[in-house]
Amino acid sequence: MRNLTIMNDGIRLSAVLERPGAERCPLAIVLHGFTSTKDKPHTLAACKAMREAGFATLRFDLYGHGESGGEFRDHTLHKWISDTLAVIGYVRTLDFVTDIYLSGHSQGGLTAALVGGMAPDLVRGLILRAPAFMIPRCAREGCMLGFQFDPLRVPDEIRVIKGLTLAGNYIRVAQTVRVEYALDRFPGPVLILHGDADDVVPPEESEEAAGRFKDCRLEIIPGETHHFDRCPERMEEIIRDWLTVRKICAGAAAEQDR
């Protein structure tokens with residue numbers, strides 16, 4: 001395990017890099033969700049499953065969260081996208097990395113999908129857990145996090161869970177994001193996991209998105225919650241098996257090219 005600091009526009013991003021061994025391998029960049037951090041149990045469990053499949057993992061705290069710089073109230077999807085692109089830039093300098101995958105939970109899942117659509121030449125595949133695809137639509141409709149507002153007169157700030165405050169620019173930025181464009185543009189393999197007991201992001205969001213991706217496997221886990229805390233072993237099994245197949249296929253393709 002290696003602790004890292006990655007800089008993006010003067011903001012320090014706190015990251016942890018872990019490898020399954022010394023050989024060259026694919027790497028998954030792992031994004032947490034809204035108000036979360038890189039060290040939550042369900043994120044650690046997902047990373048463990050990835051390494052068991054032979055993937056290195058780089059999990060990091062995004063702008064305004066955890067040990068990274070920036071104020072929570074000032075974070076936006078654009079800043080999270082910029083952070084993710086900066087981390088991809090760092091990973092591309094690592095000589096042991098053969099392919100880059102993006103993985104994200106909730107708002108991090110949305111961000112991973114958006115970056116995948118922006119950079120399909122750099123991102124080989126996506127692993128999305130309860131991705132919050134509805135955030136931009138809710139911002140345009142004037143209803144977010146239980147707070148209703150006029151979408152044409154965005155308030156200067158809104159109070160959100162845990163007593164935290166968001167600046168109005170979070171909403172303004174989200175209103176401009178077109179999720180469908182990113183989903184339609186990404187050609188690589190996608191795994192989406194969602195619990196049918198998720199009371200934060202409706203599973204229907206993932207069902208609709210799965211139909212837009214060109215190569216997507218959707219797993220709805222019975223009884224599972226938004227944070228995958230009831231049967232994390234099932235989540236781990238699905239991720240491990242799916243990535244193992246991806247790694248075997250990539251290895252076979254590399255052999256044919258020799």
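The values are calculated or read from the model by the stated rules, or taken from the named source; none is laboratory data. Keep in mind that this is a model prediction, so the values were computed, not measured. Note: ideal-geometry Cβ built from the backbone for every residue, glycine included; neighbour counts use all protein chains shown.
For Glu208, only one of the following conditions fails: (1) surrounded by fewer than 19 Cβ atoms within 10 Å (Cβ to Cβ); (2) in contact with an Asp or Glu (Cβ under 7 Å, 6 or more places away or on another chain). What is its number?
Unmet condition: (2).
Are there any pairs with C-beta distances below 6 angstrom linking a residue in segment 9-28 that is farther than 18 Å from Gly66 by Cα to a residue that is of a type in the set (Lys, Arg), with the two at least 6 apart or on different chains, and if so which?
Close Cβ pairs (under 6 Å, with a partner that is of a type in the set (Lys, Arg)) amount to Pro20/Arg51.
Please identify the pairs in which a residue from segment 49-70 that is surrounded by 24 or more Cβ atoms within 10 Å (Cβ to Cβ) has its Cβ atom under 9 Å from the Cβ atom of a residue that is assigned to a helix (DSSP H, G or I) and at pLDDT below 95, counting only partners at least 6 apart or on another chain.
Partner pairs satisfying both residue conditions: Phe55/Arg246; Phe55/Lys247.
When Ile6 is evaluated against the numbered criteria (1) surrounded by fewer than 24 Cβ atoms within 10 Å (Cβ to Cβ); (2) free of Cβ contacts under 8 Å to residues at least 40 places away in the same chain; (3) touching a Lys or Arg at 6+ places or on another chain (Cβ under 9 Å), which criterion, by number, is the only one it fails?
(2)
Out of all the residues in segment 194-203, is one or more on the phi < 0 side of the Ramachandran plot, touching a Pro at 6+ places or on another chain (Cβ under 6 Å) and touching a residue at least 60 places away in the same chain (Cβ under 8 Å)? Outline the logic, then answer.
First, the residues of segment 194-203 that are on the phi < 0 side of the Ramachandran plot: 194-203.
When the remaining residues are screened for being touching a Pro at 6+ places or on another chain (Cβ under 6 Å), the result is 194, 196.
When the remaining residues are screened for being touching a residue at least 60 places away in the same chain (Cβ under 8 Å), the result is 194.
Within segment 194-203, one or more residues are on the phi < 0 side of the Ramachandran plot, touching a Pro at 6+ places or on another chain (Cβ under 6 Å) and touching a residue at least 60 places away in the same chain (Cβ under 8 Å).
So for segment 10-20 (the condition being among the basic types (Lys, Arg) and in a strand (DSSP E or B)), does at least one residue qualify?
Checked segment 10-20: at least one residue is among the basic types (Lys, Arg) and in a strand (DSSP E or B).
Taking segment 9-38 as the search range and keeping residues that are of a type in the set (D, E, K, R) and either in contact with a Gly (Cβ under 7 Å, 6 or more places away or on another chain) or within 19 Å of His78 (Cα to Cα) (or both), which one is surrounded by the fewest Cβ atoms within 10 Å (Cβ to Cβ)?
Quick first cut of segment 9-38, residues of a type in the set (D, E, K, R) only: 9, 12, 18-19, 23-24, 38.
Still in the running and either in contact with a Gly (Cβ under 7 Å, 6 or more places away or on another chain) or within 19 Å of His78 (Cα to Cα) (or both): 9, 12, 38.
Working: Asp9: 11, Arg12: 14, Lys38: 24.
The residue in question is Asp9.
Which residues, taken from segment 159-195, are surrounded by 20 or more Cβ atoms within 10 Å (Cβ to Cβ), over 18 Å from Lys79 (Cα atoms) and among the aliphatic types (A, V, I, L, M)?
Leu183, Val190, Leu191, Ile192, Leu193
Within segment 147-180, how many residues turn out to be of a type outside the set (A, V, I, L, M), closer than 28 Å to Glu208 by Cα and outside any helix (DSSP H, G or I)?
Residues that pass the stated criteria total 7.
Name the one entry in Val91, Val30, Val16 that is of a type in the set (Val, Ile, Thr), touching a helix residue (DSSP H, G or I) at 6+ places or on another chain (Cβ under 8 Å) and closer than 25 Å to Asp241 by Cα. Explain how you work it out, then say what you get.
On the way: Val91 fails: touching a helix residue (DSSP H, G or I) at 6+ places or on another chain (Cβ under 8 Å); Val16 fails: touching a helix residue (DSSP H, G or I) at 6+ places or on another chain (Cβ under 8 Å).
The conditions single out Val30.
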